[in-house]
Amino acid sequence: MEFKSGNTQLLSKLASSDQHGENSPYFDGWKAYDNDPFHPTQNPNGVIQMGLAENQLSFDLIEEWIKKNPRASICTLEGVNAFKDISIFQDYHGLPEFRNAVAKFMEKVRGGRVTFVPDRIVMAGGATGANELLMFCLADPGDAFLVPSPYYPAFDRDLSWRTGVKLLPVACKSSNNFKITVQALEEAYKNAKKANIKVKGLIMANPSNPLGTTMDKDTLRSLVTFINEKEIHLVCDEIYAATIFRAPNFVSISEIIEEMQCNRDLIHIVYSLSKDMGLPGFRVGIVYSYNDTVVNCGRKMSSFGLVSSQTQHLLAAMLADEEFVEMFLAESSRRLGNRHKIFTRGLEEVGIKCYLSLRPEKTWMDLRPLLSEPTFEGEMALWRVIINDVKLNVSPGLSFHCVEPGWFRVCFANMDDETTEIALQRIRTFVGERKEIDTQEKNKRYKKIC
Ligand SMILES: Cc1ncc(COP(=O)(O)O)c(C=O)c1O
């Protein structure tokens, strides 16, 4: 029989469905970058990747630590004695020293205001795997989770594709500083019930991606009260917990449940070292659940996405070095803060306003004044110009399920200083040209009237 690669009948319904969520401008932007990546000398007119919320500003600090600690790597002369012990089969609880070090790191990142029990740490392949694992444990296919929007575009893939869980966006608006309200949650919950959809929980990223903001204590308390009353789960993706560089500080859900009565079985935290340590390639994801049954079930399931024992071994030593971790977090935060200042000032100089972002590796730009019309068609038309002509991969609000056209997320900590300056220069030229066109059109209209 002839094998046709396009014959989707050869695949399962689930695999060939479009639930992968990749048919979004967020991923199209990545493809545009992959097809024509900027390089300062080999492709200076290529697309600059500004769609990746990654912290690449502090690799030198980690490289320095690795050089000073050769025993932590099993592929060095000094560390090879541990090779056999580390490379044999590990049970899916993970190395005890790794879980201890991660628990301590999670405490440090939350200002030492809470404690985490190492036995509750469940490993997964990045926050991606951790989020999916929780959906798998908490909901059946067809059940739903409420998600405040705008939200991280890959949630559509990560939370839904293989689990069959539905996502119900709860719209937050700029008029309210994109804050989630209990009123909006109540309405979304009621509408789901009317449509015969079982809501199993609420999932949100705090600090937020794309907004970069943190939730205040009152909001967090109101969310805990809401999920308690409805007896549904609360999943807090705290992947961006560290390196908040402006007051107010980040407050973790783990702090809130210390100070109020609630059913802790409903509370689950997702964490990862992808952002705060800048190590997305290591695929270290964590589920921290206060529910024993979820911990037990999640641990069995984590065998699908275990962190390699070599990575665990290295990170156990690195994260246990408290002096290094303290220095790294402070310095990384300082560098990110500087980059944020340079970039947002550059945008302000050409009249682009940014939403108050507390996370310094990205910002939420208000490009509503540049839209040809205040619609999502207008937003996509502007995005196509930015990606095809200006050659910057920024992500349009539509891909974050934002309900207001004209907002764009732009990331700037995944590049060096020179590339940042080139990106700013391209934005200056683009906005200058737009203003020129606007003035010419206004003059033409004026002449017609006269
Ligand atoms: C809110 C949020 N959750 C999860 C992820 C995925 O993280 P990881 O690389 O650890 O899988 C991201 C990545 O950008 C994110 O922004």
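Each value in this text was obtained by applying a stated rule to the coordinates, not by laboratory testing. Everything numeric in this text was worked out from a predicted model, so none of it was measured. A quick note on method: Cβ atoms are made from the backbone with ideal geometry, for glycine too, and the neighbour counts reach across all protein chains shown.
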Please work out the Cα center distance from region 157-225 to region 15-36, rounded to the nearest Å.
24 Å
What FRET efficiency comes out for the pair Ile88/Ser12, r = Cβ-Cβ distance, R0 = 45 Å, nearest 0.05?
0.85
Between the modelled labels at Arg162 and Thr293 (7 Å from Cα along Cα→Cβ) the distance in nm is 2.3 nm
What share of the DSSP beta bridges in region 72-320 is antiparallel, in percent to the nearest 5?
35 percent
Using the charge dipole of the chain (Lys, Arg: +1 at Cβ; Asp, Glu: -1 at Cβ; taken about the Cα centre), state which of Gln90, Ser160, Val294 has its Cα farthest towards the positive end.
Ser160
Residue exposure sequence - Glu436, Glu22 - by fewest surrounding Cβ within 10 Å:
Glu436, Glu22
Within 10 Å of each residue's Cβ, count the other Cβ atoms and sort Cys137, Cys75, Cys354 from fewest upward.
Cys75, Cys354, Cys137
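Charges at C-beta only: +1 for Lys and Arg, -1 for Asp and Glu. How large is the resulting dipole of region 72-320 about its Cα centre, in Debye rounded to 20?
Taking the Cα centre of region 72-320 as origin, the dipole is about 440 debye.
Can you pull the percent of Cα pairs in region 303-450 with separation above 26 Å?
Numbers: 4732 of 10878 pairs.
The proportion of pairs with Cα distances above 26 Å equals 44 percent.
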Give me, ordered by chain and number, the residues 5 or more places off Val199 or on other chains with an amide H under 5 Å from its own placed amide H.
Ala144
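Restricting to bridges with both residues inside the chain, how much of the DSSP beta-bridge set is antiparallel, in percent to the nearest 5?
So the antiparallel bridges in the chain amount to around 50 percent.
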³J(HN,Hα) computed for each position of region 83-95 - Karplus, 6.51 cos²θ - 1.76 cosθ + 1.60, integer Hz, glycine/proline x:
3, 5, 4, 7, 8, 6, 4, 9, 6, 7, 6, x, 5
Take the alpha carbon gyration tensor of region 1-103, find the square roots of its eigenvalues, order them as a ≥ b ≥ c, and report rounded if a/c is under 1.5; if not, report prolate when a/b exceeds b/c, else oblate.
oblate
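Under Stokes-Einstein, with the Kirkwood radius over Cα pairs standing in for Rh, what whole-number D in µm²/s applies to region 207-319 at 20 °C and 1.002 mPa s?
On the way: Rh = 15.6 Å.
My calculation gives 137 µm²/s for D.
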Within straight cross-link reach of Lys173, meaning Cα distance under 28 Å, which lysines are found once same-chain residues fewer than 8 apart are removed?
Lys190, Lys193, Lys194, Lys198, Lys200, Lys217, Lys230, Lys275, Lys341, Lys353, Lys362, Lys435
Counting Lys and Arg as +1 and Asp and Glu as -1, each charge on the Cβ, what is the dipole of region 190-284 about the Cα centre in debye, to the nearest 20?
520 debye
Expressed in nm to one decimal, what extension gain is obtained for the pair Lys179 and Glu436 from 0.36 nm per residue of sequence separation less their Cα-Cα distance?
88.9 nm
Please arrange Phe412, Phe59 by counting, for each residue, the other beta carbons lying within 10 Å of its beta carbon, fewest first.
Phe59, Phe412
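Given the -39500 (n - 2.57) contribution per DSSP H run of 4+ residues, what per-residue ellipticity at 222 nm results for the chain, rounded to the nearest 500 deg cm²/dmol?
Working: 15 runs with 190 residues, N = 450.
So the helix-based figure for the chain works out to -13500 deg cm²/dmol.
With the Cα gyration tensor of the chain in hand, convert its eigenvalues to equivalent ellipsoid semi-axes via √(5λ) and list them largest first in whole Å. Walk me through the numbers before you get to the answer.
Values: eigenvalues 268, 160, 108 Å².
The three semi-axes for the chain are 37, 28, 23 Å.
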Highest-MSF residue in the chain out of Thr344, Thr213, Thr181 [GNM, Cα springs under 10 Å]:
Thr181
Just to confirm a number: summing +1 for Lys and Arg and -1 for Asp and Glu over residues other than Ile66 whose beta-carbon lies under 15 angstrom from that of Ile66, what do you get?
-2
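Could you work out the relative contact order of the chain, using alpha carbon pairs under 8 angstrom and six or more residues apart, expressed as a whole percent? Please list the in-between numbers first.
Numbers: 782 pairs, mean separation 101.2, N = 450.
22 percent.
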In whole Hz, what ³J(HN,Hα) sequence does region 124-132 give by Karplus (6.51, -1.76, 1.60; θ = phi - 60°), x for Gly and Pro?
8, x, x, 5, 4, x, 5, 5, 5
What FRET efficiency comes out for the pair Glu373/Val350, r = Cβ-Cβ distance, R0 = 25 Å, nearest 0.05?
0.70
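Looking at the calculated P(r) for region 72-320, what percent of the C-alpha pair distances fall above 22 Å?
53 percent
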Hydrodynamic radius of region 32-171 per Kirkwood, over alpha carbon pairs, in Å:
19.5 Å
Dipole magnitude of region 91-197 about its Cα centre (Cβ charges: Lys, Arg +1; Asp, Glu -1), debye to nearest 20:
400 debye
